[in-house]
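Input: a single structure, listed below in C-alpha cells.
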Amino acid sequence: MNIVVCIKEIFDPEATADSFRLDAANKTLVGSSKVPKVVNPFDEQAVEAALRIKDKMGARVNVLSLGNNLDRVVVKKPVHMGADELFLLEDESFLGSDSWSAAQALAAAIRKIGDVDLVLCGRQAADSNAGQTGLAIASFLGLPCVTVARKIEVSGDIATVERVIANGYESVEVRLPAVVTVSNELGQARYPSIKNIAKSNALKPVLWKPADIGLTPDICGTQGRRLLATKLFLPVFDTNCEIVGGETVQEAAQNLAVRLRQERIL
Amino acid sequence: MLDWNLPYLTEEHKSLVGLMKEFCQREVDLKKLNEMADKPIPPNATSADLRARMPWDLVSKAHDAGIRQIAAPTEFGGGGYGEDHLGLGAMAETAGYYGGHFGRLNTITWKQLAAFAYVPKELAEEVLGDFMRDRKTMMGASITEPNSGSDFLLPYDVPGAAGQYLAHKEGDEWVFNGDKMFCTAGGVSNYLTIMARTEPKGPLSKSVTQFVIDTRLPGWSIARVNDMLGNEIVSNVQMHFENYRIPDRYRVSPVNGAFDVMKSRLAGKSLHMFAHLGWSERTWEDLKEYAMNRIQGGKPIMQHNNVGMLIAETDCLLRLARLQLYHDAWEWQSLGQGQMRDVLGWYYINWYIKRVFTRIMEAGFEIYGGMAPQKELTFEAWVRLHLSIMHGGSTGGLSLVKAANIIAKGGQASPPVEDALYES
C-alpha cells in the first residue's frame, strides 16, 4: 500500500490579526516574520488517516508539499508523526499558486512517485479555505475522489469511506487508486514522537523543481493561476452612536421607536 | 506569541518546542491547574493527601507523549535529551508560556532524570525502570536542612558549616537520621536525589555524598507540609529520616564526593528559570493586551505615557533575561561547564531574572490596579508562585556574594565548590 499525503504550510491560525499586513496592490496578505508557520490542521488529519491505515495493515506513507524555502520544522512534522518519506516541490516558480496550479504540480509529482494507491489531502486549507486542491489533483490524475472523510478503511483494492454530510455521514466505497480529502471529524492527529524527532535530523527530503516533474515554470505558481483576484480589502464597519432622548422615559422610548422605524429596523 | 527565531536553536529544538506547544494547547487547562495549586493543604497532610492534589491525568498523558521522560537516557526508555540544555530549556519555556504550572511540573522531574546518565547502571535500571512503568509518580530532589536552607551551599567552604551530618555507613547500608527542609515534590515522588553530609567536620566540598532515596522504605516520613504563599501543585514538604536505611548501591556519587560528580551536569535550576520565564512572558502579554484594551480618558491606557513606558520597560527586561538564559545554556552546552567563558553567568541570571520578574509584578500592580489581586486573572497565580520561589537556586543576593567571591579570585571559579554551587 503506497499512500501520498499532500500537506500545505500555512501561517499559524493562532496568530493575531495585527501580525499581518494587507498588500492591496498585490492582492495578498503579508505575515510578519515572527508569525510561525504550521502544517494546515486538516492536512495533519490526512496524515493521521494515512498512519491509521499504516498501523492496521502496513503502508508506506509519503508526504508531499509545495512552495519555496519551506520551513523544515513544519514540513517534517508528518515524519515526526510516523510518515516514511518527504517529497518537496521547492522553487520560486511555485510561489503564488492557486488551487489549480498547486494541484497540477502535486499531481505531476504523484505521477513521478509512481504506484500510488491512495492520495490523501485535508478537506481544505485553513488559510484560503478553498477546498479545491484535492478534487483538482483527482481530476489531473483521472482518479475518483471522495471528499470530507471522517473514516477510511481499506480492504484489497477497495476503500470504504465514511464522508461527513449535513445530518450525519454516508458510507461510500471507492476503487483504488483514489483521492480522499479528510475532515476534522476523523479525530485528533497523534503527537509527533520524540524518537522520530531525534531521528529526523538524518532525513533528507527529496527535492524536485518544475523540470523534475515534467513542468515548465510558466505554468506553475502565479503564472499558472486560473483564479483571478480582483480586489483584496479589509471590510470597514462604521459605527455611529446616536443618543435618542426625550423629556420623559416614555417620550424617549417613543422617539427611539420612531428612529428605528425610519432606519427600517422595526 | 514567542519568537523562536533564536540563533541558538536547531531545527530539532524547534520541533520539540512544537510538540510541547501542541501538547499544552490540547491537554493543559490553565484555570484548573491554578485551582489545584490553590487548594488548601490540610496541616497534617499525608503523602496520600498530597498525591490526591496532583493532576495525574495530565502527567500520564505527558508520559504517553514521551515528554515527562524526555531527559532520561535512551537506554532506559527516555528521550535522551538530558544533556541538551537548549532543547530542554526551550521546551520548559514553552511549557511555562502555554501551561503555567505545567512548566515546573516537568522541570522538577527532568532535572533529576538527566542526572541518571551518571549514576551506576544497576541503580539507573532499577529506579528508571520503576519510573517508566509508573505513570503516577514524580522525581524530586532535596538539599536544604532546618539549619541551612538557601544557605546550604555557602561560598566559604568552612569546615563543619552549613549542611549537617545526616548519614553514616553501617556495613553495606547507609543510615539516615535527621531532616531535609524544603523538598519540592517530596510528598509525591517515589524517588528523590538528596545531598547528605557524610563527613561531620570537613568543608562541605569534601563532605557531601549524593544518594537516591526511595520514599516507600521504612524510616522515611513527612515531618510537615510547607504550606506556602503560592503552593505548587507538587507541594513542598519537610522530610524526616529515622533510622532510614538504604543499600550502598543507592549511592550516586563517591563517598564525600558529590561535588566532583555534580560539576559536570546540567544546570537544573536554570531549567526552572526557563519555565518561569515562559509563564512570565505570557503574563506580560496578558498585561499588554489589558493595556491595549482598557480605555481611560478616551484612549487605551497603553497610550498613557506612564503605562506605555512600563510595558516597554518590562518587555525590554524580559527580552534581555531570555537572551541571557539562552546564551548561558548555549555556552554550557557547546563549550562544557569547565570551559565556560563566563563562569559568572548563572549567578547573574539567578539575581537578574528575579529582579525582572519582580519588576513585572510591580508593573502589573500599577497597570491592573485593583484588578491585580483578583483570582480571575492568571496574574494573581503567577505572582504567588513567583514570590514562593524567590529563594530558588539560592537567593539572588547570595548569588551576588558568590559572584563577588569569584571576581575577587580574578574571575575564575575554583572547582569543585563554585561549579557545584551552580547546580544548587
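Structure above, values below:
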item: Any hit, region B:5-17, residues being more than 29 Å from A:ASP12 (Cβ to Cβ), buried (at least 22 other Cβ atoms within 10 Å of the Cβ), in the same structural domain as B:LEU105 (by TED's automatic domain parsing) and touching a residue at least 24 places away in the same chain (Cβ under 8 Å); result: no
item: Residue within region B:91-102 that is more than 20 Å from B:HIS13 (Cα to Cα) and in contact (Cβ under 8 Å) with a residue 24 or more places away in the chain present; result: yes
item: Residue match in region B:89-110 (condition: basic (Lys, Arg), modelled with pLDDT of 95 or more and either touching a helix residue (DSSP H, G or I) at 6+ places or on another chain (Cβ under 8 Å) or crowded, with 24+ Cβ neighbours inside 10 Å (or both)); result: no
item: Pairs, first in the same structural domain as A:LYS56 (by TED's automatic domain parsing) and under 15 Å from A:LYS54 (Cα atoms) in region A:151-175, second assigned to a strand (DSSP E or B) and among the hydroxyl-bearing types (Ser, Thr, Tyr), C-beta under 9 Å, six or more apart; result: A:LYS151/A:THR160; A:LYS151/A:TYR169; A:LYS151/A:SER171; A:ILE152/A:THR160; A:GLU153/A:THR160; A:VAL154/A:THR160
item: From A:ARG52, A:ARG111, residue being outside any strand (DSSP E or B), farther than 28 Å from A:THR216 by Cβ and away from chain B (no Cβ under 14 Å); result: A:ARG52
item: Hey, B:SER189 over 23 Å from B:ILE389 (Cα atoms) and crowded, with 16+ Cβ neighbours inside 10 Å or not; result: no
item: Options B:ASP57, B:ASP49, B:ASP64; residue that is of a type in the set (Asp, Glu) and touching a strand residue (DSSP E or B) at 6+ places or on another chain (Cβ under 9 Å); result: B:ASP49
item: 1 or more residues away from chain A (no Cβ under 14 Å): qualifying helices (runs of 4 or more DSSP H) within region B:3-57; result: B:30-38, B:47-52
item: Single match in A:SER193, A:SER200 (criterion: within 14 Å of chain B (Cβ to nearest Cβ), in contact with a His (Cβ under 7 Å, 6 or more places away or on another chain) and modelled with pLDDT under 95); result: A:SER200
item: Unmet criterion (only one of (1) in contact (Cβ under 8 Å) with a residue 40 or more places away in the chain; (2) exposed (fewer than 14 other Cβ atoms within 10 Å of the Cβ)) for A:LEU118; result: (2)
item: Residues of region A:1-41 satisfying the condition of being away from chain B (no Cβ under 12 Å), under 19 Å from A:GLN132 (Cβ atoms) and crowded, with 18+ Cβ neighbours inside 10 Å; result: A:VAL4, A:VAL5, A:CYS6, A:ILE7, A:LYS8, A:GLU9, A:ILE10, A:ASN40
item: Some residue of region A:102-113 being over 27 Å from B:LEU9 (Cβ atoms), in contact with a strand residue (DSSP E or B) (Cβ under 8 Å, 6 or more places away or on another chain), surrounded by fewer than 22 Cβ atoms within 10 Å (Cβ to Cβ) and not hydroxyl-bearing (Ser, Thr, Tyr); result: yes
item: Single condition A:LEU234 does not satisfy, out of (1) surrounded by 15 or more Cβ atoms within 10 Å (Cβ to Cβ); (2) at pLDDT below 95; (3) away from chain B (no Cβ under 14 Å); result: (1)
item: Members of region A:13-25 that are of a type in the set (D, E, K, R) and either within 26 Å of A:VAL119 (Cβ to Cβ) or assigned to a strand (DSSP E or B) (or both); result: A:ARG21, A:ASP23
item: B:GLU75 being over 17 Å from B:GLY140 (Cβ atoms), in a helix (DSSP H, G or I) and within 14 Å of chain A (Cβ to nearest Cβ); result: yes
item: Subset of region A:74-108 (residues that are more than 14 Å from every other protein chain (Cβ to nearest Cβ), under 14 Å from the mean Cα position of the chain (by Cα) and not in a loop (DSSP other than H, G, I, E, B)); result: A:SER99, A:TRP100, A:ALA102, A:ALA103, A:LEU106
item: Which listed residue, of A:LEU135, A:LEU70, is in contact with a strand residue (DSSP E or B) (Cβ under 6 Å, 6 or more places away or on another chain), surrounded by fewer than 24 Cβ atoms within 10 Å (Cβ to Cβ) and within 14 Å of chain B (Cβ to nearest Cβ); result: A:LEU70
item: Qualifying residue in region A:213-221 (condition: within 19 Å of A:ASP98 (Cβ to Cβ), in the same structural domain as A:GLN104 (by TED's automatic domain parsing) and of a type in the set (Ser, Thr, Tyr)); result: yes
item: Selection count where residues are touching a residue at least 24 places away in the same chain (Cβ under 8 Å) and assigned to a loop (DSSP other than H, G, I, E, B), scope region A:206-229; result: 8
item: Residues of region A:164-182 satisfying the condition of being within 18 Å of A:ALA107 (Cα to Cα) and out of contact with any helix residue (DSSP H, G or I) (no Cβ under 7 Å at 6 or more places or on another chain); result: A:LEU176, A:PRO177, A:ALA178, A:VAL180
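Rundown of residues vs (1) modelled with pLDDT of 95 or more; (2) over 21 Å from the mean Cα position of the chain (by Cα), yes/no style:
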| site | (1), (2) |
| --- | --- |
| B:GLU22 | yes, yes |
| B:MET36 | no, no |
| B:HIS63 | yes, no |
| B:PHE76 | no, yes |
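The values are calculated or read from the model by the stated rules, or taken from the named source; none is laboratory data. Because the structure is a prediction, the values reported are computed rather than measured. Reconstructed Cβ throughout: ideal geometry from the backbone, glycine too, with neighbour counts over all protein chains shown.
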